[in-house]
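Remarks on the structure that follows.
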Amino acid sequence: MSLVENVNQNGESNAASERSSDTAGAIGAVRDELSALLGKLKAAQRSSGAPDCSARIEHLDKLERAVLARKHDIATAISADFGNRSRHETLVAEVMVVVNEIRHARAHLHEWMETDSRDVSWMFLPARAEVVMQPLGVIGIVSAWNYPMQLALTPLVGVLAAGNRAIIKPSELAPNTADILKELIGETFAADHVAVVTGGLDVAEAFSHLPFDHLVFTGSTRLGKIVMRAAAENLVPVTLELGGKSPAIVGDGYGVAQAAQKIMFGKCFNAGQTCIAPDYVLLPKDRADAFVKECRAAFQSMYPTLANNPDYTAIVNDRHFARLQSYLANARDRGATIIELNPASEVLDPKARKMAPALILNAPGDCLVLEEEIFGPILPIVPYESLGEAIAYVNDRPRPLALYFFEHSRSCIDQVLRDTISGGVSINDTMLHIAQTDLPFGGVGPSGMGHYHAREGFEAFTKKKPVFYQSRINSAGLLRPPYGSQANFILKFLVGR
Ligand code: NAD
């Protein structure tokens, strides 16, 4: 069985319709094929050893050149996958983010790779100790569809910088991008250096069971648990980049207009299909009317029209479109107020999956929009009376991937930073912490584990190997059996009676 199979627009693999006739043999064949591929990369890693700094820089250079050379193909492929994806959003979030990450890694690689000399305690002198940076081996990367290039290639930057090899399994929900990724990687790297395997859920599932030296998974919290369970069979260490509900808290001391502008930008970029999009807003109780008015104005100035506006991205497929509509219907049924932002009052064809953003007021706490990760252009507004109450609201829920706080008061900022925990934070803006090449990225608890990006990306795929060098002349023999008066004397000196 080939690891390339067709997927329909909703990401159901053609295997799904044939699943009933799928034999255990066919699934076994996928596993065998993946195992053989992993074996090939592991053998190549063993025979060629760890690449030196200049070889790694060459790998990063090649990746940068390939991404830049194919940037328009990437934008076209992603747009085909989404129905419409803003070209600018692709160039910023898929191309620029990856290229910046490469440039940062290249500039710092020498320093990151350096052996780290450590102290030895006086009793072991004149021995010495150091920590050696060693590639882990072959890394598996499973990526999500919402930023299908960035989420496959940013982990790869850390993997290559750390001197490893990789196999990537891109999401079946972005098949055009998966094809471009496969071509781009095939043209750039030897088949036993970096490989891409495409396919449906059967391939993804088999992939997560492979004995990689490390597995990076980007996707939902629900699947993160399944992947971690599969990796545990082989004690494969995992980096889990998951999702959740990221709050934006508007403080008393921050202008509503500016907050609305920045929150609407974060919510509408990629039509809200961003893991760190502000999911909901915590707003001082008396500011709801002003905030709604400013959100409307901010959205209108960014997107005066929707249907034929190339800047406004579509929802990726019918299943996700229906999911978002069901959240709205649920909120409506539960008595919430829904304010649709549709500046030109267009009739939007559901087949095109352009969804007008909706602000939601007065939603009961157990509404879907307040319980599920939204991952689309819906913004519930939750009123609060005191900052302490807003903080408690966040802390009563699973730890988010991102948190946004709009405030000028340093003491309020310190309070939020101290009293909440999240994967990352942007103060007085949304999402920009992910664009900082010197900051790590990763969730906490249900929003993920481990970090990548920046130095932490290099470290995630590096074994920090502690090495002790005994000296020719040393005192180790003084504490060997048979233990007698000499050992007693030394121990009395070291640890007392
Ligand atoms: P998903 O969990 O449905 O799928 C993610 C990937 O898992 C896909 O590539 C899929 O092929 C693969 N997969 C499916 N079944 C599998 C299995 N049994 N074993 C192994 N892999 C399997 O997520 P999605 O819909 O692609 O992405 C949306 C979710 O991802 C959201 O929750 C979002 O917040 C999260 N996300 C997180 C980040 C981050 O950096 N933390 C980035 C993007 C998206």
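When the pairs LYS40/LYS62; LYS42/LYS62; LYS182/LYS464; LYS169/LYS225; LYS71/LYS293; LYS62/LYS351 are compared against a 28 Å limit on Cα-Cα distance, LYS182/LYS464; LYS71/LYS293; LYS62/LYS351 fall above it. Taking each residue as 0.36 nm, the span from GLU205 to SER345 lengthens on full extension beyond its C-alpha to C-alpha distance by 46.0 nm.
Counting only the backbone N, which residues of the range 371-397 are under 16 Å from the spot 7 Å out from the Cα of HIS408 toward its beta-carbon? Label zone hits: none.
Annotation: amide H-H contacts under 5 Å for ASP429 (H modelled 1.01 Å from N, sequence separation of 5 or more, or interchain): PHE405.
Put a dot 7 Å past the Cα of ARG118, heading toward its Cβ, do the same for ARG222, and the two dots end up 4.3 nm apart.
Residue order for ILE185, ILE315, fewest other beta carbons within 10 angstrom first, comes to ILE185, ILE315.
Once the chain from VAL131 to ARG480 is taken as fully extended at 0.36 nm per residue, the excess over their C-alpha distance is 122.9 nm. Overall size of the range 443-484 from C-alpha positions, given as principal axis extents largest first: 56, 23, 10 Å.
Among HIS72, ALA161, PRO148, whose Cα sits farthest toward the positive end of the charge dipole of the chain (+1 at Cβ of Lys/Arg, -1 at Cβ of Asp/Glu, about the Cα centre)? Of the candidates, ALA161 comes out farthest on the positive side. Selection among GLY448, PRO482, ALA358 by position relative to the dipole of the chain gives PRO482 as farthest towards the positive end (Cβ unit charges, Cα centre). So if R0 is 25 Å, what FRET efficiency would HIS88 and SER326 give, r being the distance between their Cβ atoms, rounded to the nearest 0.05? The pair HIS88/SER326 has a calculated efficiency of 0.25. Across the range 198-313, the mean sequence separation of Cα contacts (distance under 8 Å, 6 or more residues apart), normalised by length, yields a relative contact order of 22 percent.
Here is the list for the range 109-212: GluC sites (Glu not before Pro) lying in DSSP coil, each with at most 13 other C-beta atoms within 10 angstrom of its C-beta, are GLU114.
If you wrap the chain in the convex hull of its Cα atoms and look at it from every side, the mean projected area works out to 29.7 nm². Rounded to whole Å, give me the distance from the Cα center of the range 442-497 to that of the range 90-141. Value for the Cα centre distance between the two parts: 20 Å. What's the center-to-center distance, using Cα atoms, between the range 367-387 and the range 180-234 in Å? Comparing the Cα centres of the range 367-387 and the range 180-234, I get a distance of 32 Å.
The label-point distance for SER48 and ASN488, in a model that sets each label 7 Å from Cα toward Cβ, rounds to 6.2 nm. Applying both filters, DSSP loop and at most 13 other Cβ atoms within 10 Å, to the GluC sites (Glu not before Pro) of the range 378-421 gives GLU385.
Where in the range 386-495 are there chymotrypsin sites (Phe, Trp or Tyr not before Pro) that are in a DSSP coil and have at most 14 other Cβ atoms within 10 angstrom of their Cβ? Those satisfying the criteria are TYR483. Every helix of 4 or more DSSP H residues in the chain counts as -39500 (n - 2.57), and over all residues that averages to -13000 deg cm²/dmol at 222 nm. In percent, rounded to a whole number, the relative contact order of the range 207-252 is 45, using alpha-carbon pairs under 8 Å and six or more apart.
Throughout, read-outs are computed from the coordinates displayed, never taken from laboratory work. No experiment lies behind these values; they were computed from the predicted model shown. Positions of Cβ are backbone-derived with ideal geometry, glycine not excepted, and every protein chain shown enters the neighbour counts.
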